[in-house]
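**Q** One structure, pasted below without further comment.
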Amino acid sequence: MTTQKPTGIPPETDWSTAPGLLDGAKELILTPEHCNLAYWLRGVAQGTLAGRVDTGHSAQAATPEHMREPGPLRDALIHELGLRSVSEERATRILGHYVTNAPNIPQMEFFATQLVDETRHAMVFRRHLVELGIPEKELLTYVADLADDYRKRVLDPLEEFALPIVSDPEDFIGAVAIFTIVVEGVLAPAAELSERKWDLLDPAAGEIAHGAAIDEIRHLTVGSTIIREALIENPGYRPRLDRILEQGRQLWNEVPDKEIVMPREHLFQEGMRAHTDLLKEYEVWPGRLLLDSLPDERYAMAEQWTDEMADVRMAYMGLGTPQPER
Ligand code: FE
Ligand code: FE
């Protein structure tokens, strides 16, 4: 656990000292009491976001001209950010229930900040599309069209599963488990991969992804603490939680997430070939050059990161091994 400075920007929200998403999510312990509104205003609004309010990236991290030229690389990023912005918008709307149903002030404050975080992610992902040359006045219809299939076949089923639980004031822990374990726990490693893929090719997109990753560490760790403490207080909730997680796992097996994501991974593959000079020494993970990596291999690595992260976090929450029947 990292020690916190009593004043100033906490290291985990400081742009230059924040850990990577995978390490941070595995190693940091944060609580809703600690991550209250004042923490967020200081650490995020005045820390992570300093100089990055409008676009999610600094003025120095520009979008290179090659990202505005039509072609597979630009198409890959547009597809990725378009779909992610729609997911973040959906997350924001759902998080309204968490603010309403939070059982105490620290959790209410925390979820109010998470709601703003997700609203902001949707905004900066969308705005980067304008930086890539999508005309601003067409942006919303453009994104809606782009994400139509994803919305109907992935987001709608997820929401249909989540909504009865997250809107039930009697099942707040179930709601937190859905966000922390079923949704963000599964999607976070894909965000990590995104940061690593775009870092050099589009420094603006790299910064946008880095900022979202800093937020994600907080969402994952605070959510986990809430679940851990709820289970210590009420071990009898465990069977209900196991059922929710099992249903969540089943749902991810059914939705065509991979089918929708892989075409853009192939576009990326084709597009990065034009930038061998820029990428020639860049490793996507230790020992593997991005240029040598393959679409399926990157997808599989994100899945492996998901499992590794889940193992650590589930153990922290007390969900590591099934509890014996009582
Ligand atoms: Fe987000
Ligand atoms: Fe999040």
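**Q** Just from its helices, what would the mean residue ellipticity at 222 nm be for the chain, if runs of 4 or more DSSP H residues each count -39500 (n - 2.57) and the sum is divided by every residue, rounded to the nearest 500 deg cm²/dmol?
**A** For the chain, the value works out to -20000 deg cm²/dmol.
**Q** Average the reciprocal distances over every distinct pair of alpha-carbons in the stretch 223-265, invert the result, and give the Kirkwood radius in Å.
**A** This gives a value of 12.5 Å.
**Q** Can you tell me which of 46, 250, 107 moves the most in a GNM of the chain? Springs connect C-alpha atoms under 10 Å apart.
**A** Its mean-square fluctuation being the largest, the pick is 250.
**Q** Follow-up question, since we're still on this one. Among 105, 94, 226, whose mean-square fluctuation peaks in a Gaussian network model of the chain (Cα, cutoff 10 Å)?
**A** Maximum fluctuation in the GNM of the chain, among the listed residues, is at 105.
**Q** How many times 2.2 N^0.38 Å is the alpha carbon radius of gyration of the stretch 54-158?
**A** Expressed relative to 2.2 N^0.38 Å, the Cα Rg reads 1.23.
**Q** Here's something else I'd like to know. Which of rounded, prolate or oblate describes the stretch 180-225 when judged by the alpha-carbon gyration tensor and an a/c cut-off of 1.5?
**A** Cα axes put the stretch 180-225 in the prolate bin.
**Q** Could you check which residue among 142, 39, 98 shows the biggest mean-square fluctuation in a GNM of the chain with a 10 Å Cα cutoff?
**A** In the Gaussian network model the winner is 142.
**Q** Also: Roughly how many debye, to the nearest 20, is the charge dipole of the chain about its Cα centre, given +1 on each Lys and Arg Cβ, -1 on each Asp and Glu Cβ, and no other charges?
**A** 460
**Q** Placing +1 at every Lys and Arg Cβ and -1 at every Asp and Glu Cβ, with all other atoms neutral, what dipole size does the stretch 110-255 have around its Cα centre, in debye to the nearest 20?
**A** About 180 debye.
**Q** Another question about this same structure. Can you classify the stretch 237-293 as rounded, prolate or oblate using the Cα gyration tensor, where a ≥ b ≥ c are the square roots of its eigenvalues, rounded means a/c under 1.5, and otherwise it's prolate if a/b beats b/c and oblate if not?
**A** Oblate.
**Q** Another question, if that's okay. With N denoting the number of residues in the stretch 2-317, provide Rg(C-alpha) divided by 2.2 N^0.38 Å, to two decimal places.
**A** Relative to the rule-of-thumb radius for its length, the stretch 2-317 sits at 0.97.
**Q** Another question, then. Going highest first, how would you order 130-137, 310-317 by mean Cβ packing within 10 Å?
**A** 310-317, 130-137
**Q** If I take R0 = 30 Å and measure r between the Cβ atoms of residue 282 and residue 139 in this structure, what FRET efficiency does the formula 1/(1 + (r/R0)^6) give, to the nearest 0.05?
**A** The value I calculate is 0.45.
**Q** Additional query: Among 176, 99, which comes first, then next, by fewest other beta-carbon atoms within 10 Å?
**A** Starting with the residue having the fewest Cβ neighbours, the order is 99, 176.
**Q** In addition: Under 37 °C and 0.692 mPa s, how fast does the stretch 105-244 diffuse according to Stokes-Einstein, given a Kirkwood radius computed over C-alpha pairs? Answer in µm²/s, whole number.
**A** 194
**Q** Of 279, 121, 97, which is farthest towards the positive pole of the stretch 2-317's charge dipole, taken about the Cα centre with +1 and -1 on the beta-carbons of Lys, Arg and Asp, Glu respectively?
**A** Farthest towards the positive end: 97.
Rule-based calculations on the coordinates, nothing more; no lab input. Please read these numbers as outputs of a predicted model, since none were measured by experiment. When we count neighbours, we look across all protein chains shown, and the Cβ atoms used for this are built from the backbone with ideal geometry, even at glycine.
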